[in-house]
Amino acid sequence: MLSDHDQKWIGYVVAGISVALTTTVLKPLGTHINATTVALALLLNVLFIATRWGSLPALFASVVAMLCFNFFFLPPFGTLTIAAPDNWIALTAFLATAITAGQLSARAKRRAEEAESGRQEIERLYAELRDAFERASHAEALRQSEKLKSALLDAVTHDLRTPLTSIKASITTLLDEAKERFDGDAPVILDHESRIEMMEVIDQESDRLNRFIGGLIELARIEAGELQLRRHWGSIDDILSTTLERAATITKDHTIEFEIESELPVVRVDERAVSEVVYTLIENATKYSPPGTVIRLIAQRAAEGVIRMAVEDQGPGIPSHLRKRVFDKFFRAIRDGDIGKDEPSGSGMGLAIAKGIIEAHGGEIWIEPGTDDKGVRVVFTLPIGDDEAEPMRTRVQRVTLTK
Amino acid sequence: MTEGARILVVDDEPQLTRVLRTGLKSRGYDVRVAADGLSGFEIFNDWHPNLVITDLAMPNMDGLELCRRLRSISQVPIIILSAKGEERIKVEALDVGADDFVTKPFGIDELLARLRAALRRSALQPPTQTTQTVLDSGDFHVDLETRSVTVAGKEVHLTPKEFDLLVYFIKHSGKVLTHRTLLAAVWGGDYVEQDQYLRVFVGNLRKKLENNPASPRYILTEPWVGYRFDPIE
């Protein structure tokens, strides 16, 4: 890159050479061309130098051009004398052109530079603004995710602490009795029945803690994309009967009805996982519908290669704006203030896990109103299985779920 | 007095009410339970218990609203069962009139101790605040007319605001008093956000009353909530 100073010098050199060259070319033509043409040609040189290198080299070019014009083309030839007054005019024209064009070009150059630096400034501001915006939205995203995290943590600690509170209260009551502690109160008198009751609470609440932790682990696996499906070819009937056997105690106050299509094809699924889904749906139905009502199990062929299953209850139903949210982990309509009746509250993990399992199978799960718009129907689909997979072959499949 | 007292337990967690019912009955208390604030309030109206233990997060009228309603009709001692993460609502409940709190999970002994203290306080409470001129409480003797204070027989000199604060503490001995409650009672409603006033005055009171102000025995700090006054060192 040449400095401004060097540029100027080049200007002077080019000015000299271009005027000399023009003179050399035009001189041999002698009297064939008139003086005005020569003057214009030389003027073009000056103009060119002015636009390219500014006033001073242009001034230099105009002086040289004027001298050459005078010496070679104006009579008396070969002298620097100026005889006629119109030759003075030519000289003045050379100088005026040089100065004006030089200044115009300098101004244009300055304008261009200003525009360039303005553009750079705008670009810099834009970049800064974009960075600031990115930082801000990153901070906002972080804040949102922190908020979500702390809400989830609250939900988890509540579910861990609730059974712990019952356990701690029971065990300290039993301990007081065993140690015959008075502590300002009357002595503890626990009859046999009360003692059993305390121990039952401890037993049941430890199971509840264990179930909750199991659910947490399952959810974590699903979210990490590490749910391992052990797919075998099996029948829907088998899955349903295993599940119902397991659910016998919780379904004793309800009537179970079936709507199972005959000759359903075998499906290649993780039977234990699908059974878990059906169990969760039946459990929810028993929890959220009054005793004595009907719970309907449905299984039928849907589209090509897809089985559609559903569990339907006759409870109060789920408002349409919550039908998607109930699949969010730790969402509970009651705690989150939308239903607000004294209904039982679960862990808020069952449906989230069910969704994970169904989606891992390539199926879908959703909620719709039950028959005659009453109650809830939880529907899920299961693809029958891969065509290329050999029946009865076990394969461990790793899936990745996105939320 | 505490024996045979009627205790109402309000919590939506059936296992916990089961345990508390049995645990409190085994100590000779008469116990009834309710699964939500609304039915708790109804039982209160029918049964007139001597003390109410209530959870905060419940369907059908939460613990905070229950405290508010109970306070509008009664001075019954109220103990809150709260969990970590419920600090804000716990403080609100204390502000609207709850007497004390127990943080979950708790041992039955802690609950019983607080229950006994609350019952004692309510038994000591004169039915109506008549024109009392002298307060005698534990180590403290306060003459409201001459505005003189002795602590364990030693006279201490207090500024007018320090005196007012101490009198309020003594009148509410053993009860958890939130910053807001104290500020409103001693400085007036405009000062409820001025925690720093309270810190300065409590600091001064401790210097004058406590043997070792660095580890106070009379004015106890309830972290994030307020103070509790214990008249016996």
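Annotations
- Residue within the range A:118-126 that is β-branched (Val, Ile, Thr) and either in contact with a Phe, Trp or Tyr (Cβ under 7 Å, 6 or more places away or on another chain) or more than 20 Å from A:Thr23 (Cβ to Cβ) (or both) present: yes
- Here B:Arg6 passes the criteria (1) without any contact (Cβ under 8 Å) to a residue 40 or more places away in the chain; (2) away from chain A (no Cβ under 14 Å); (3) closer than 25 Å to A:Pro187 by Cα except the one numbered (1).
- Residue within the range A:201-223 that is in a helix (DSSP H, G or I) and farther than 30 Å from A:Glu276 by Cβ present: no
Residue-wise test of (1) under 15 Å from A:Ile365 (Cα atoms); (2) hydrophobic (A, V, I, L, M, F, W, C); (3) in contact with a helix residue (DSSP H, G or I) (Cβ under 9 Å, 6 or more places away or on another chain); (4) free of Cβ contacts under 8 Å to residues at least 12 places away in the same chain.
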| site | (1), (2), (3), (4) |
| --- | --- |
| A:Glu259 | no, no, no, no |
| A:Glu263 | no, no, no, yes |
| A:Asp270 | no, no, yes, no |
| A:Val274 | yes, yes, yes, no |
| A:Leu281 | yes, yes, yes, no |
| A:Gly292 | no, no, no, no |
| A:Ala302 | yes, yes, no, no |
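- Checking A:Ala155 against (1) away from every other protein chain (no Cβ under 14 Å); (2) among the small types (Gly, Ala, Ser); (3) in contact (Cβ under 8 Å) with a residue 12 or more places away in the chain; (4) farther than 30 Å from A:Thr37 by Cα, the condition it does not meet: (1)
- For the range B:135-219, the strands (runs of 3 or more DSSP E) that sit wholly inside it and include 3 or more residues that are over 16 Å from the mean Cα position of the chain (by Cα) are B:140-143, B:148-151, B:154-156.
- Screening A:Pro85 against (1) at pLDDT below 80; (2) closer than 24 Å to A:Thr22 by Cβ leaves a single unmet condition, (2).
- Top-ranked residue in the range B:96-117 [being touching a strand residue (DSSP E or B) at 6+ places or on another chain (Cβ under 7 Å) and within 13 Å of chain A (Cβ to nearest Cβ); ranked as surrounded by the most Cβ atoms within 10 Å (Cβ to Cβ)]: B:Leu115
Quick grid of which residues meet (1) of a type in the set (Gly, Ala, Ser); (2) more than 12 Å from chain A (Cβ to nearest Cβ); (3) touching a Cys at 6+ places or on another chain (Cβ under 6 Å):
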{"residue": "B:Thr22", "(1), (2), (3)": "no, no, no"}
{"residue": "B:Lys25", "(1), (2), (3)": "no, no, no"}
{"residue": "B:Tyr29", "(1), (2), (3)": "no, no, no"}
{"residue": "B:Gly37", "(1), (2), (3)": "yes, no, no"}
{"residue": "B:Asn45", "(1), (2), (3)": "no, yes, no"}
{"residue": "B:Leu51", "(1), (2), (3)": "no, yes, no"}
{"residue": "B:Thr54", "(1), (2), (3)": "no, yes, no"}
{"residue": "B:Leu64", "(1), (2), (3)": "no, yes, no"}
{"residue": "B:Arg68", "(1), (2), (3)": "no, yes, no"}
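- The requirement of being basic (Lys, Arg), modelled with pLDDT of 90 or more, under 29 Å from B:Ile108 (Cα atoms) and not assigned by TED's automatic domain parsing to the domain that holds A:Ala354 is fulfilled somewhere in the range A:168-177, by at least one residue.
- Only one of the numbered conditions (1) within 24 Å of B:Gly4 (Cα to Cα); (2) more than 7 Å from chain B (Cβ to nearest Cβ); (3) at pLDDT 85 or above is violated by A:Pro187, and that is (3).
- The criterion of at least 3 residues that are at pLDDT 75 or above is met by the following strands (runs of 3 or more DSSP E) wholly inside the range A:300-403: A:306-312, A:365-369, A:376-383.
- Selection status of B:Asp139, over 16 Å from B:Asp95 (Cα atoms), touching a strand residue (DSSP E or B) at 6+ places or on another chain (Cβ under 6 Å) and without any contact (Cβ under 8 Å) to a residue 24 or more places away in the chain: no
- The single condition from (1) touching a residue at least 12 places away in the same chain (Cβ under 8 Å); (2) more than 19 Å from A:Leu351 (Cβ to Cβ); (3) charged (D, E, K, R) that A:Asp191 fails is (1).
- Between A:Glu218, A:Glu200, A:Glu205, the distinction of being within 10 Å of another protein chain (Cβ to nearest Cβ), surrounded by 13 or more Cβ atoms within 10 Å (Cβ to Cβ), charged (D, E, K, R) and touching a residue at least 24 places away in the same chain (Cβ under 8 Å) belongs to A:Glu205 only.
- Selected residue (criterion: farthest from the chain's Cα centre (by Cα)) from residues of the range B:2-43 that are modelled with pLDDT of 90 or more, buried (at least 18 other Cβ atoms within 10 Å of the Cβ) and among the hydroxyl-bearing types (Ser, Thr, Tyr): B:Thr22
- Flag if B:Val91 is among the β-branched types (Val, Ile, Thr) and either within 13 Å of chain A (Cβ to nearest Cβ) or part of a strand (DSSP E or B) (or both): no
- With respect to the conditions (1) of a type outside the set (A, V, I, L, M, F, W, C); (2) under 25 Å from B:Lys25 (Cβ atoms); (3) at pLDDT below 90; (4) within 13 Å of the chain's Cα centre (by Cα), B:Ser82 falls short on a single one, namely (4).
Residues are listed down the side, and each one gets a yes or a no for (1) surrounded by 15 or more Cβ atoms within 10 Å (Cβ to Cβ); (2) touching a residue at least 40 places away in the same chain (Cβ under 8 Å); (3) closer than 30 Å to A:Ala178 by Cβ:
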{"position": "B:Pro77", "(1), (2), (3)": "yes, yes, yes"}
{"position": "B:Glu86", "(1), (2), (3)": "yes, no, no"}
{"position": "B:Leu94", "(1), (2), (3)": "yes, yes, no"}
{"position": "B:Ala123", "(1), (2), (3)": "no, yes, no"}
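- Count of the range A:186-225 residues which are under 22 Å from B:Leu112 (Cβ atoms), in contact with a helix residue (DSSP H, G or I) (Cβ under 6 Å, 6 or more places away or on another chain) and among the charged types (D, E, K, R): 2
- In the set (1) modelled with pLDDT under 85; (2) more than 7 Å from every other protein chain (Cβ to nearest Cβ); (3) touching a helix residue (DSSP H, G or I) at 6+ places or on another chain (Cβ under 8 Å), the condition left unmet by A:Gln144 is number (3).
The values are calculated or read from the model by the stated rules, or taken from the named source; none is laboratory data. Computed from a predicted model, the values in this text were never measured in an experiment. Virtual Cβ from ideal backbone geometry, glycine too; neighbours counted across all protein chains shown.
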